[in-house]
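The values are calculated or read from the model by the stated rules, or taken from the named source; none is laboratory data. Treat the numbers as computed from the prediction; the structure is a model and nothing was measured. All Cβ positions, glycine included, derive from the backbone under ideal geometry; neighbour counts span all protein chains shown. Heads up: the accessible areas ignore ligands, DNA and RNA and are worked out on the full protein's heavy atoms, side chains in. Shrake-Rupley method; radii C 1.70, N 1.55, O 1.52, S 1.80 Å.
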Amino acid sequence: MRALVLVCGMAVVVVYSTVLAYGNQPDTRPLDPAGYALLAAAVIGLAWLRSRPEVSLIVCVGAAGGCFMLGYAYALWPVPALIAVFTAISGGRRSAGWVGAAVLVLLPAIGVATHPALDRVVGAVIWALLVLVVAQPAEVSRARRASTAAEELGAADA
């Protein structure tokens, strides 16, 4: 039930924000069937967040990467990928989570390299900082959970 609520809620937020963002960014690519398919993939990827976090991470990051590379308006469509990165890292799948974070930073950087403009450079820098702001607390959460588990084990042994 949680997954259904998360997927439906994110679907509304992602699609609505992308439609509105295009109104403020007319030089970007308008939503077409490929754009809607990428938005759907990004949101549906969250359905596997608890049971298969790696699959969720691959689907959400891949869809966000597609949106970045195809030039859709900057909106909230990368949020499912950020949720998947946080869940992967905090759940103990550090290498997969950090690879997903690296991909999320590299794809906008590649987009800036192919189409340099000041607003894109600023957007890529802000995006890289945002990915780090999500990934680092996930690492702290994972470390705290591991420390608490070790303390509980030590208390049980005593």
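The figures follow:
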quantity	calculated
Number of the condition not met by residue 123 [criteria: (1) at pLDDT 85 or above; (2) under 28 Å from residue 9 (Cα atoms); (3) open to solvent by 20 Å² or more (accessible area, probe 1.4 Å); (4) not acidic (Asp, Glu)]	(1)
Residue 56 vs. criteria hydroxyl-bearing (Ser, Thr, Tyr), open to solvent by less than 90 Å² (accessible area, probe 1.4 Å), touching a Leu at 6+ places or on another chain (Cβ under 6 Å) and touching a residue at least 60 places away in the same chain (Cβ under 8 Å)	no
Odd one out for residue 142, checked against (1) charged (D, E, K, R); (2) open to solvent by less than 60 Å² (accessible area, probe 1.4 Å); (3) modelled with pLDDT of 80 or more	(3)
Residue count, the stretch 126-139 (criterion: more than 12 Å from the chain's Cα centre (by Cα) and either in contact (Cβ under 8 Å) with a residue 40 or more places away in the chain or surrounded by 15 or more Cβ atoms within 10 Å (Cβ to Cβ) (or both))	3
Index of the failed condition, residue 43 passing every other in (1) farther than 23 Å from residue 124 by Cβ; (2) open to solvent by 20 Å² or more (accessible area, probe 1.4 Å)	(2)
Residues within the stretch 97-120 that are open to solvent by 30 Å² or more (accessible area, probe 1.4 Å) and either among the hydrophobic types (A, V, I, L, M, F, W, C) or touching a strand residue (DSSP E or B) at 6+ places or on another chain (Cβ under 7 Å) (or both), tallied	12
Positions within the stretch 62-81 being open to solvent by 10 Å² or more (accessible area, probe 1.4 Å), part of a helix (DSSP H, G or I) and either at pLDDT below 90 or closer than 19 Å to residue 110 by Cα (or both), in sequence order	62, 66, 68, 69, 70
Flag if residue 48 is within 21 Å of residue 5 (Cβ to Cβ), at pLDDT 85 or above and either of a type in the set (S, T, N, Q) or surrounded by fewer than 23 Cβ atoms within 10 Å (Cβ to Cβ) (or both)	yes
